[in-house]
1. List every residue pair whose Cβ atoms lie under 9 Å apart, where the two residues are 6 or more positions apart in sequence or sit on different chains, the first residue falls within segment 13-29 and is part of a helix (DSSP H, G or I), and the second residue, located anywhere, is of a type outside the set (S, T, N, Q).
2. Within segment 2-17, does at least one residue satisfy the condition of being within 39 Å of the chain's Cα centre (by Cα), of a type in the set (Gly, Ala, Ser) and modelled with pLDDT of 70 or more?
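The values are calculated or read from the model by the stated rules, or taken from the named source; none is laboratory data. Since we're looking at a predicted model, the values are computed, not measured. As a convention, Cβ positions derive from the backbone with ideal geometry for all residues, glycine included, and neighbour counts pool all protein chains shown.
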Amino acid sequence: MFYLPKIDALVTAVIFSAAGLIILTLLVWCEAKTYAAAQFRIYKRLASFANPLAISRSVSRFDGRDRFTPHKIQ
């Protein structure tokens with residue numbers, strides 16, 4: 001008499017557990033994608049700031065002169 005409700009409860013628990021696991025997996029996947037996209041945007045923003053600075057410093061230091069050219073005596 002109690003066999004059928006126990007089986008129904010067990011099947012229901014398995015189905016809801018599987019559905020919960022799928023929903024949790026989708027949530028984690030979406031959050032991981034959002035986090036990775038944010039990290040990439042931060043990297044791109046830092047790179048866009050650092051590259052012009054590095055280029056401007058290299059141009060201002062070595063604007064056609066060699067590093068080992070002697071200075072002219074005045």
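1. Correct list of pairs: empty, since none qualify.
2. Yes, that holds for at least one residue.
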